Amino acid sequence: IQSPVLSSKATFNDYLETLEETRARIDKSIEFLEELKVKDIILIGHSFGAYAIMDYVANTEAEPALINEKPRIHGLIAISLTGQKKPSGFNPLDTIEKVTLPVLEIYGGSDFADVKDTLRAKRLAAIRAGNKNYRQSKVSDANHYYSNSGGTLIKKARGWMKKIITAANKQPTQ
């Protein structure tokens with residue numbers, strides 16, 4: 001799913017204004033996957049996209065919406081998610097506190113400060129949500145863009161997705 005792309009001069013607040021359109025794009029993508037009979041969905045986002053998938057789950061019918069008596073989204077992979085409150089009053093921790101789906105937060109060892117310096121605060125926000133399946137995983141040699149670290153990033157994501165999907169498919173239907 002491609003989130004709206006703004007100019008290189010766009011600010012974080014400019015991207016916040018695209019959240020409604022991003023939610024609609026995620027909805028349409030999930031509908032398409034459902035038409036294809038895909039039942040195991042995990043949303044993955046990087047940077048603002050990581051926040052956008054958290055926002056989607058926190059502010060739509062996605063959680064705990066059921067499809068075929070199973071959750072339509074099994075989890076989220078948030079890559080390089082900011083946890084820093086912005087001067088506008090925007091606070092991503094408020095969104096994390098609303099998400100109870102399993103989350104794998106991946107961050108780079110040389111990631112942006114607003115990603116690394118807020119790891120504890122994001123983990124505590126997940127605890128306040130009662131989310132016992134919020135995990136953080138470091139890619140030691142990665143920067144914010146995962147230049148030359150894509151293989152490690154993919155391995156971490158794939159391993160976690162296999163665990164989450166296996167666990168979800170073992171749950172009895174209601």
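The values are calculated or read from the model by the stated rules, or taken from the named source; none is laboratory data. The model shown is predicted, which means the values in this text are computed figures rather than measured ones. FYI the Cβ positions are ideal-geometry reconstructions off the backbone, even for glycines, and counts take in every protein chain you see. Note: accessible area is taken over every heavy atom of the protein model, side chains too, but ligands, DNA and RNA are not part of it. Shrake-Rupley method; radii C 1.70, N 1.55, O 1.52, S 1.80 Å.
Peptides 4-17, 92-105 ranked from most to least packed give 92-105, 4-17, packing being the mean of other C-beta atoms within 10 angstrom over each peptide's residues. If you work out Rg and Dmax of the Cα atoms in Å from the coordinates, which of [x] 15.7, 49; [y] 18.5, 53; [z] 16.8, 60 do you get? Recomputing Rg and Dmax of the Cα atoms in Å here gives the entry labelled [x]. Taking a straight Cα-Cα cut-off under 22 Å and skipping sequence neighbours fewer than 8 places away in the same chain, the lysines within cross-link reach of K132 are K70, K98, K116, K122, K156, K162, K163, K170. Heavy-atom accessible surface of segment 88-164, averaged per residue, reaches 54 Å², computed with a 1.4 Å probe. Once the chain from N143 to K9 is taken as fully extended at 0.36 nm per residue, the excess over their C-alpha distance is 46.1 nm. Between Q171 and L36, the distance separating the two model label sites (each 7 Å from Cα on the Cα→Cβ line) works out to 2.3 nm. How many angstrom separate the Cα center of segment 16-53 from the Cα center of segment 124-174? Spelled out, the Cα-based centre of one part sits 17 Å from the other. Evaluate the charge dipole of segment 1-136 about its Cα centre and quote only its size in Debye, nearest 20, assuming +1 on the Cβ of each Lys and Arg and -1 on the Cβ of each Asp and Glu. For segment 1-136, the charge dipole is close to 500 debye. For K85, the aspartates and glutamates whose Cα comes closer than 19 Å to its Cα, not counting residues fewer than 8 places off in the same chain, are D14, E17, D55, D94, E97, E105, D111, D114, D117. Candidates S137, A113, P87 compared by Cα position along the dipole of the chain: farthest toward the positive end lies S137, with charges placed on Cβ.
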